[in-house]
1. Does any residue in the stretch 549-577 that is closer than 19 Å to Asn524 by Cα come within less than 8 Å, Cβ to Cβ, of a residue that is outside any loop (DSSP other than H, G, I, E, B) and open to solvent by 70 Å² or more (accessible area, probe 1.4 Å) six or more places away or on a different chain, and which pairs are these?
2. Restricting to the stretch 311-356, what's the tally of residues that are open to solvent by less than 60 Å² (accessible area, probe 1.4 Å) and assigned to a helix (DSSP H, G or I)?
3. Please determine, by comparing only the residues of the stretch 189-207 that are open to solvent by 40 Å² or more (accessible area, probe 1.4 Å) and acidic (Asp, Glu), which one is modelled with the highest pLDDT.
4. Quick one: would you say Thr509 is open to solvent by 10 Å² or more (accessible area, probe 1.4 Å) and in a helix (DSSP H, G or I)?
5. Which residue out of Asp345, Asp371 is within 28 Å of the chain's Cα centre (by Cα) and among the charged types (D, E, K, R)?
6. Within the stretch 215-241, can you find the residues that are touching a Leu at 6+ places or on another chain (Cβ under 9 Å) and farther than 28 Å from Ser292 by Cβ?
7. Out of the stretch 481-495, which residues are surrounded by fewer than 24 Cβ atoms within 10 Å (Cβ to Cβ) and either hydrophobic (A, V, I, L, M, F, W, C) or touching a Lys or Arg at 6+ places or on another chain (Cβ under 7 Å) (or both)?
8. In the stretch 399-480, which helices (runs of 4 or more DSSP H) lie fully inside it and hold 1 or more residues that are under 29 Å from Thr373 (Cα atoms) and open to solvent by 50 Å² or more (accessible area, probe 1.4 Å)?
Amino acid sequence: MSDKWYYAIGKERFGPFTFEHLKGLVSSGKLKEKDLVWTKVMPNWMAAESVPEMFETFPPPLPNVDLPPSNSPNKLNEFFEKGENYLKLNKYQEAILEFSKAIKANPADAKAFKKIGDAFNALNKHPEAIANYSKAIELDPKFSAAYNNRGNAYNSLNKYPEAIADFAKAIELDPNNSNAYFNRGNVHNLLNNYSEAVKDFTKVIELDSKEDAYAFFNRGFAYSELKKYPEAIVDYSKAIELNPKSLLAYTNRGLLFGELKKYLEAISDFTKAIEMDAKSVLAYFNRGNAYSLLNKYSEAVTDFTKAIELDPKSVLTYFNRGLAYNALNKYLEAIDDFTKAIEMDRNFSAAFNDRGLSHNALNNHLEAIADFTKAIELDPKNATAYFNRAISYDYLKNYPKVIADYTKVIELDPKYANANNNRGNAYADSNKYIEAIADYTKAIELDTKDAIAYNNRAIAYYNSNKYIEAIVDWTKAIELDPKYAFAFNNRGKAYANSHKYFEAIADYTKAIELDPKYSTAYFNRAIAYKALNKHLEAIEDYTKTIELDPKNATVYFNRAIAYKALNKHLEAIEDYTKAIADYTKAIELDPKNATAYFNRGFAYKELDKQPEAIEDYTKTIELDPEHMEAYYFRGLSYYVQNAQKKYPAAIADFTKAIEMNPNFSPAYLNRGNVYDRQQKYTEAIADFTKAVELDPSNDQPLKNIKATQKKLADATAKAQSSEHSSKKPRTTEATNHQPGNSNTTSNAKTENSGQGTKITTPEVKKLIAEAQRLSELKKHNEAIVELTKAVGLEPNLTAAYFMRGCYYYALAESKSKEMEFGKGGPSPENLLNLFKKAQSDFHKADKLDPTFISLEARKLVDSNSKQITTLENYRGGVFSSIWNFVSGKWKCRKCGNRKTAELSRKINEVTEWKRDSSYRDSIMYSRDIWYTCEIYCSWCNNNYTDITYKTELDKRSL
């Protein structure tokens with residue numbers, strides 16, 4: 001509550017003045033009851049009569065009777081006394097006339113000039129007053145009261161330096177002149193010299209034997225402006241004690257209680273003011289504010305409504321009631337009030353801003369943006385409006401504009417921590433994690449106790465696959481807020497992605513303890529249990545998730561997978577069926593939801609409803625032509641129908657998936673399977689070989705290569721046998737004979753146009769028969785020995801070279817699985833040597849008889865020799881990557897040196913599968929290989945085995 005007052009008569013405004021000066025205007029009749037007054041704590045201009053203290057100290061005029069004649073022996077005293085009486089009756093013109101007569105009788109009467117000055121002051125004729133005070137001072141340079149009153153006249157003309165000079169002179173002449181101290185204190189308040197004002201009012205209180213309520217009141221005001229609220233409250237309380245009817249003292253003290261957050265005491269004072277004056281707009285307005293600060297918004301609305309009834313033109317009251325409606329979620333009513341405030345004041349920036357907040361709450365984001373933009377136009381440095389507009393743009397996912405607005409906020413207010421945090425969110429939503437991390441870091445620097453900023457930075461680290469950094473940040477967030485369930489859940493995800501499933505489960509469990517209805521934590525814990533093959537616990541958590549979130553189709557989907565892992569097919573079928581129903585509902589709500597079609601297709605596939613699955617995958621591709629997994633799984637559905645006419649469609653889909661992701665090993669594997677069923681063994685082996693190249697640790701392609709090679713060998717041998725026995729050209733069509741059932745020659749004396757194809761001795765025939773028998777027993781080494789003996793006896797026997805090449809190849813293939821690092825087996829060089837021996841024998845047979853060996857067999861050996869070369873290169877590449885990792889990251893724990901690390905050897909290799917959130921609804925999994933290496937520090941002769949290098953190899957379906 002300010003002591004600077006203004007008054008208005010008609011359209012002319014005057015001020016600022018002290019409250020005492022306004023009271024003087026009232027006493028002089030210059031200021032009427034209906035004239036308007038204002039001070040800064042008032043919501044609007046108010047009638048002077050609404051401030052009763054302006055009128056309470058003035059007695060009614062004396063009755064209009066003739067005054068008794070003066071008993072003074074001379075006429076001068078008679079004039080003077082008449083003048084005094086006219087002053088008391090507020091008849092200032094008559095008073096001036098009488099004092100003028102006195103001056104005429106005695107031109108040196110300084111007191112008469114001073115009295116005329118008083119009369120002119122009361123008539124607000126301050127220049128005339130100053131002229132008379134100056135004449136009095138001229139006649140009596142030590143006239144303290146004249147200096148004091150001239151100071152008041154200067155004050156009324158806003159000539160504050162002259163006023164202070166006069167008050168100082170009055171005090172100099174009369175150190176006990178409390179009026180001069182009081183008046184100078186008022187001027188100091190007007191000039192914001194509050195410390196000086198406190199000194200003057202303190203002096204008044206010391207000098208006056210009778211305590212002056214106004215001195216305490218004015219000193220209280222000065223203390224309040226100095227933010228010394230306890231001292232101010234003491235003074236206002238004393239003013240109330242001295243004048244219990246002081247409405248302004250209650251109002252001002254109430255405001256100070258509010259500053260000290262003592263809202264109940266504030267409400268008590270405003271209530272007292274209302275009891276004293278039921279039409280006190282100021283009291284209702286301020287009590288409404290206090291209720292709002294106590295979150296008692298209904299009571300606040302009631303008080304603001306009463307204030308509006310008493311003063312319908314109060315812009316600020318409409319605005320504050322709008323704020324209260326916003327807090328009550330009554331956004332339409334809030335918009336009405338903000339609109340009313342704007343109609344009354346088109347430049348009210350805050351009203352546009354808060355109306356924008358109401359529109360945002362109603363999801364009217366375009367209207368909100370328009371309001372925030374208007375607020376910015378009116379106040380270009382309004383950081384809050386930029387901040388709020390950024391939130392609206394964020395709802396619309398217009399991230400460039402979100403970032404631009406938050407950048408402006410930071411420019412206007414570099415310490416606005418939330419702006420850095422929110423801009424970080426926008427960068428993260430734009431997948432710009434480096435920029436996001438920088439913003440979160442700045443937010444943390446500005447507020448080191450901001451758990452949310454740590455959580456957000458952790459999410460950015462997590463999405464950048466920096467799980468260790470993410471775990472550190474979530475740990476800090478939990479340290480700052482031990483009940484931060486969200487942080488526990490997120491840290492659990494980071495642990496899970498680091499294959500620390502027990503730690504992950506502990507965190508999910510803690511999140512559930514903090515929030516028993518946290519469905520996501522149950523869902524994530526189920527996934528962790530599944531990774532540990534604890535399917536029963538996983539099912540229990542999936543079931544709890546469904547209880548909390550029964551419309552989440554993905555949970556039914558995952559629970560079905562868990563049931564399937566436990567061979568509980570009926571339960572699995574039931575959950576897949578529920579998942580299909582939920583995805584169908586999602587499609588009804590959003591017919592363009594490609595993910596829903598894809599997941600429903602997968603569920604149909606698991607229920608062996610391949611036509612329905614194919615239809616959904618086709619719809620997925622129609623909505624999202626870049627959906628590689630949809631092509632892949634549609635190809636699988638075509639394939640598992642096991643219909644010859646569907647194989648071309650399957651191959652086309654697998655080929656499309658490979659075009660979209662040339663490193664997707666499962667597509668090569670399954671396209672190879674289709675080729676195998678079509679008896680296109682060469683193409684099948686090529687695809688299986690590519691699958692091995694992309695995924696050396698997966699033994700399924702190697703098994704498929706072995707089986708297909710045997711089919712190819714059998715088909716080739718049968719074709720050769722049939723060709724030679726019938727003297728007809730050889731056919732290239734393969735057969736489905738089992739390995740070992742076909743003979744290389746039809747009998748001991750096969751006729752052929754080539755050289756060296758006849759078995760000329762029984763001994764050679766016996767050796768070949770024995771080799772065949774040993775081969776069927778998978779004793780390839782012994783079979784090779786027998787064939788080598790046969791070649792020694794018959795150096796030009798084509799069949800012997802061909803058979804030995806097949807056995808060298810079969811031996812190499814059977815050993816190839818042992819090439820996995822850390823599992824022993826032959827070296828790459830020895831394995832490659834076996835392939836080369838097979839290749840040499842095939843080439844020898846081809847040279848002896850070009851019609852005997854098939855082109856497919858020759859390609860087969862060539863492709864496998866390339867395969868082992870690829871494996872060797874892969875192995876070298878892995879160790880090179882490890883070395884790069886160590887040289888860049890490793891630091892010796894003992895000496896701290898980074899430059900003396902040496903890679904000694906690889907100790908172990910572990911293959912892990914993890915759920916990959918980058919794939920739609922977590923249907924895809926990625927496989928990582930972890931290599932544990934031994935590190936040696938040459939600086940301090942220290943060995944460590946705690947370095948792990950991870951390489952992600954492929955993505956694979958469940």
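1. Lys551/Lys585; Ala553/Lys578; Tyr556/Lys578; Ala560/Ile573; Ala560/Glu574; Tyr563/His569
2. 27
3. Glu196
4. Numbers: open to solvent by 10 Å² or more (accessible area, probe 1.4 Å): yes; in a helix (DSSP H, G or I): yes.
Spelling it out, Thr509 is indeed open to solvent by 10 Å² or more (accessible area, probe 1.4 Å) and in a helix (DSSP H, G or I).
5. Working: Asp345 fails: within 28 Å of the chain's Cα centre (by Cα).
Selected residue: Asp371, the only one of Asp345, Asp371 that is within 28 Å of the chain's Cα centre (by Cα) and among the charged types (D, E, K, R).
6. The answer is Phe216, and nothing else.
7. Ala485, Phe486
8. Values: elements: 399-412, 417-429, 433-446, 451-463, 467-480.
The qualifying helices (runs of 4 or more DSSP H) are 399-412, 417-429, 433-446, 451-463.
The values are calculated or read from the model by the stated rules, or taken from the named source; none is laboratory data. Please read these numbers as outputs of a predicted model, since none were measured by experiment. Cβ atoms come from the backbone with ideal geometry, glycine included; neighbour counts cover every protein chain shown. All accessible areas refer to the heavy atoms of the entire protein, side chains included, with ligands and DNA or RNA removed. Shrake-Rupley method; radii C 1.70, N 1.55, O 1.52, S 1.80 Å.
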